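Comments concern the structure below.
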Amino acid sequence: MQQEQKQAAALKAAEYIRDNMILGLGTGSTAYYLIRRAGELVKEGMRLKAVATSRSSEKLAEEFGIPVTDINEVPRIDLTIDGVDEIDPDFEAVKGGGGALTREKITAYHSKQVIWIMDHRKQVLKLGAFPLPVEVLPFGWRLLSEKIQSLGYTPILRIENGQAYRTDNGNYILDIHSPSPAGYRKLSGLLRSYPGVVETGYFPAVCSRIIVADSAGVRVLEN
Ligand code: 5RP
């Protein structure tokens, strides 16, 4: 059911793709359906180029026949379509559950249009249940983590296959559990001032619309 909803949101978002667009491809299980659909559009004759927010999305895009270009080689990004981990009524979001937050934020920032796609479980009244992912340099991460802990937060080093998870940029992720769920914007600003913090998964409302699927269908909400 959840997968069907993710797919429904992705298919709706694909209706905003136009010929000759340079697309930003998000990362995650919802973005998967979008990439698959974009591949079909290419097969149907649409001329698309893509930049990917992660190596995994780049690989998927290539499998589905979408021409992928390095972000430094494109003159613009017309439309980025990506998933979220949590989103509030003001369209502020937490992303980075898949570890791609920094590339996702850079891609969104440089996009003319951003659409976030999701099943309805991602919608919350206040951000905070999903821990805030923070990409940090491996150098000094432990002292940085202790610093964050001394402020009353609980940072957990993300582990994968028994080892510290590495982002596509070669960095670590600290997942920060916050005692004050309303405060991700402020927390993000503070964390970004610390040496060694590359980026946080708090996203201001950079999207132009969100597409939410539930058992009743798909809703498009404009920002
Ligand atoms: C990856 C992300 C994803 O967009 C987010 O984790 C949502 O993933 P999914 O669509 O699998 O629920 O931010 O870094």
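Scanning segment 132-145 for residues that are touching a residue at least 40 places away in the same chain (Cβ under 8 Å), away from the ligand (no atom under 16 Å from the Cβ) and in contact with a Phe, Trp or Tyr (Cβ under 7 Å, 6 or more places away or on another chain) gives 141, 144.
Within segment 1-30, the set of residues being under 17 Å from the mean Cα position of the chain (by Cα) and more than 19 Å from residue 108 (Cα to Cα) comprises 6, 7. Quick one: how many residues across segment 116-131 are β-branched (Val, Ile, Thr) and within 12 Å of the ligand (Cβ to nearest atom)? Qualifying residue count for the region: 1. Scanning segment 114-128 for residues that are of a type outside the set (D, E, K, R) and either surrounded by fewer than 16 Cβ atoms within 10 Å (Cβ to Cβ) or without any contact (Cβ under 8 Å) to a residue 40 or more places away in the chain (or both) yields a total of 3.
Is at least one residue of segment 157-164 surrounded by fewer than 18 Cβ atoms within 10 Å (Cβ to Cβ), polar (S, T, N, Q) and within 15 Å of the ligand (Cβ to nearest atom)?
No.
Entry remark, segment 43-54: residues being surrounded by 19 or more Cβ atoms within 10 Å (Cβ to Cβ) and outside any loop (DSSP other than H, G, I, E, B) number 3 in total. Of the residues making up segment 173-206, not one is among the aromatic types (Phe, Trp, Tyr), within 16 Å of the ligand (Cβ to nearest atom) and in a loop (DSSP other than H, G, I, E, B). The set of residues in segment 55-105 that are in a loop (DSSP other than H, G, I, E, B), crowded, with 22+ Cβ neighbours inside 10 Å and more than 10 Å from the ligand (Cβ to nearest atom) contains only 66.
From the residues in segment 1-42 that are among the hydroxyl-bearing types (Ser, Thr, Tyr) and not in a helix (DSSP H, G or I), which one is farthest from residue 70 (Cα to Cα)? So, considering only residues that are among the hydroxyl-bearing types (Ser, Thr, Tyr) and not in a helix (DSSP H, G or I), the one farthest from residue 70 (Cα to Cα) is 16.
Scanning segment 106-120 for residues that are assigned to a strand (DSSP E or B), in contact with a Ser or Thr (Cβ under 8 Å, 6 or more places away or on another chain) and not polar (S, T, N, Q) turns up 114, 115, 117, 118, 119. If the condition is being within 15 Å of the ligand (Cβ to nearest atom) and surrounded by fewer than 20 Cβ atoms within 10 Å (Cβ to Cβ), then segment 15-36 contributes 29, 36.
Condition first: among the aliphatic types (A, V, I, L, M) and under 19 Å from the mean Cα position of the chain (by Cα). Now tell me which residues in segment 65-81 satisfy that.
68, 71, 77, 79, 81
Within the option set 210, 148, being surrounded by 15 or more Cβ atoms within 10 Å (Cβ to Cβ), touching a residue at least 12 places away in the same chain (Cβ under 8 Å) and closer than 30 Å to residue 16 by Cβ holds for one residue only, 210.
Coordinate-derived values only; no laboratory data. In this text, all values refer to a predicted model and were calculated from it rather than measured experimentally. In this analysis, Cβ positions are derived from the backbone assuming ideal geometry, glycine residues included, and neighbour counts consider all displayed protein chains.
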